[in-house]
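Okay, structure first, notes after.
The values are calculated or read from the model by the stated rules, or taken from the named source; none is laboratory data. Everything numeric in this text was worked out from a predicted model, so none of it was measured. All Cβ positions, glycine included, derive from the backbone under ideal geometry; neighbour counts span all protein chains shown. The area values use the complete protein model at the heavy-atom level, side chains included, leaving out ligands, DNA and RNA. Shrake-Rupley method; radii C 1.70, N 1.55, O 1.52, S 1.80 Å.
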Amino acid sequence: QVQLVESGGGLVQAGGSLRLTCAASGRTFSSGAMGWFRQAPGKQREFVSAISWSGRSTTYADSVKGRFTISRDNAKTTLYLQMNSLKPEDTAIYYCAASQRLIATMELGEYDYWGQGTQVTVSS
């Protein structure tokens, strides 16, 4: 079993920045890929970014490419998402997810464990 706890969400003005953190416990953190997803009201959960087990490979949704950066610290068993140049359309609940697979994937079904989410609200 894996426990994931997100933090760092909040209210920010358009153009601002936030850094999300996901603390993981319950398994060897470095044994699988990790990802961030988000869900806006009335919409399906969508992929944001993912990182391989080693941290050497990353992938991003087109909507956040160039603005968001995913990283992980396997020694601290923590996943991060640095979000810059935020836009109102980035408003959503952001979820951390852990996969038992090694490679970064954008497929929601490839993730086995989920956090409870953290709210990000970007005002215009």
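Hey, could you check region 1-18 for residues that are open to solvent by 30 Å² or more (accessible area, probe 1.4 Å) and farther than 11 Å from LEU81 by Cα and say which is modelled with the lowest pLDDT?
GLN1
Hey, can you tell me all the residues within region 1-59 that are over 19 Å from GLY109 (Cβ atoms), within 11 Å of the chain's Cα centre (by Cα) and among the hydroxyl-bearing types (Ser, Thr, Tyr)?
Correct list: SER7, THR21.
Where the second residue is surrounded by fewer than 16 Cβ atoms within 10 Å (Cβ to Cβ) and hydrophobic (A, V, I, L, M, F, W, C) and the first is outside any strand (DSSP E or B) and lies in region 39-55, which pairs have Cβ atoms under 6 Å and are six or more apart or on separate chains?
SER52/ILE103; TRP53/LEU102
For region 19-33, indicate whether the set of residues that are more than 17 Å from TYR113 (Cβ to Cβ), modelled with pLDDT of 95 or more and either out of contact with any Leu (no Cβ under 6 Å at 6 or more places or on another chain) or exposed (fewer than 13 other Cβ atoms within 10 Å of the Cβ) (or both) is non-empty.
yes
Exactly one of (1) hydrophobic (A, V, I, L, M, F, W, C); (2) in a strand (DSSP E or B); (3) under 12 Å from ARG38 (Cβ atoms) is unmet by ILE70. Its number?
Only one criterion in (1) hydrophobic (A, V, I, L, M, F, W, C); (2) in a strand (DSSP E or B); (3) under 12 Å from ARG38 (Cβ atoms) is unmet by ILE70, namely (3).
In this structure, does SER123 turn out to be out of contact with any strand residue (DSSP E or B) (no Cβ under 8 Å at 6 or more places or on another chain) and open to solvent by 30 Å² or more (accessible area, probe 1.4 Å)?
Working: out of contact with any strand residue (DSSP E or B) (no Cβ under 8 Å at 6 or more places or on another chain): no; open to solvent by 30 Å² or more (accessible area, probe 1.4 Å): yes.
For SER123, the condition - out of contact with any strand residue (DSSP E or B) (no Cβ under 8 Å at 6 or more places or on another chain) and open to solvent by 30 Å² or more (accessible area, probe 1.4 Å) - is not met.
Taking the criterion of being free of Cβ contacts under 8 Å to residues at least 60 places away in the same chain and in a loop (DSSP other than H, G, I, E, B), would at least one residue in region 8-22 satisfy it?
Scanning region 8-22 turns up no residue that is free of Cβ contacts under 8 Å to residues at least 60 places away in the same chain and in a loop (DSSP other than H, G, I, E, B).
Restricting to region 83-120, give me the number of residues that are surrounded by 15 or more Cβ atoms within 10 Å (Cβ to Cβ), polar (S, T, N, Q) and either in contact (Cβ under 8 Å) with a residue 60 or more places away in the chain or closer than 17 Å to THR58 by Cα (or both).
Counting residues in region 83-120 that are surrounded by 15 or more Cβ atoms within 10 Å (Cβ to Cβ), polar (S, T, N, Q) and either in contact (Cβ under 8 Å) with a residue 60 or more places away in the chain or closer than 17 Å to THR58 by Cα (or both) gives 3.
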